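What follows is a set of notes on a single structure, which appears directly below.
Every number in this text was worked out from the coordinates using simple rules, so none of it is lab data. Quantities reported herein were computed from a predicted structural model and do not represent experimental measurements.
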Amino acid sequence: MAMGAVAWKVMGTGGAILAGVMAKQLVDFVWARFGQDEINPKSPRAPLAKAVAYAAVTGLAVGAARTVMTRKAAEYYEKSAGHLPADIREEPV
């Protein structure tokens with residue numbers, strides 16, 4: 001595995017994980033700040049509507065944060081290496 005590929009794996013994966021953790025913490029903080037009770041969406045004792053709302057907000061925040069971080073890492077990689085990482089395709093999804 002070439003050094004560029006290793007660098008991309010560290011930047012892309014590490015950045016996405018870090019962004020996901022930070023987004024989850026932010027959602028938890030905002031959820032508590034706006035008066036919502038702590039919730040464990042996995043618990044059958046939690047109200048279903050609140051559990052689904054929490055899961056939806058968390059999923060959206062984590063997904064968006066990971067996407068933004070991966071894009072920024074790819075931009076940085078492209079500026080440094082002169083090309084996009086091999087894992088990034090220029091094809092639509």
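Among Val68, Val27, Val52, the largest mean-square fluctuation in a Gaussian network model of the chain (Cα springs under 10 Å) belongs to Val52.
Among Ala19, Ala56, Ala73, the residue with the largest mean-square fluctuation in a Gaussian network model of the chain, with springs joining Cα atoms closer than 10 Å, is Ala56. Principal-axis analysis of the Cα atoms of the chain puts helix 3-33 at an angle of about 20° to the longest axis. All C-alpha to C-alpha distances of the chain, sorted into 10 Å bins beginning at zero, yield P(r) values of 16, 35, 24, 16, 9, 0 percent in whole numbers.
Close lysine pairs were tallied over region 10-81: pairs 8 or more places apart or on different chains with Cα atoms under 20 Å apart number 4. Applying the Karplus relation 6.51 cos²θ - 1.76 cosθ + 1.60 with θ = phi - 60° to region 57-68 yields 3J(HN,Hα) values of 5, 5, x, 5, 5, 5, x, 5, 5, 5, 5, 4 Hz, where x marks Gly and Pro. Given the options Leu48, Leu60, Leu26, which has the most mean-square fluctuation in a GNM of the chain, springs set between C-alpha atoms less than 10 angstrom apart? Of Leu48, Leu60, Leu26, the Gaussian network model singles out Leu48 as fluctuating most.
Our helix-only sum for the chain, with -39,500 (n - 2.57) per DSSP H run of n ≥ 4 divided by its residues, gives a mean residue ellipticity at 222 nm of -25500 deg cm²/dmol.
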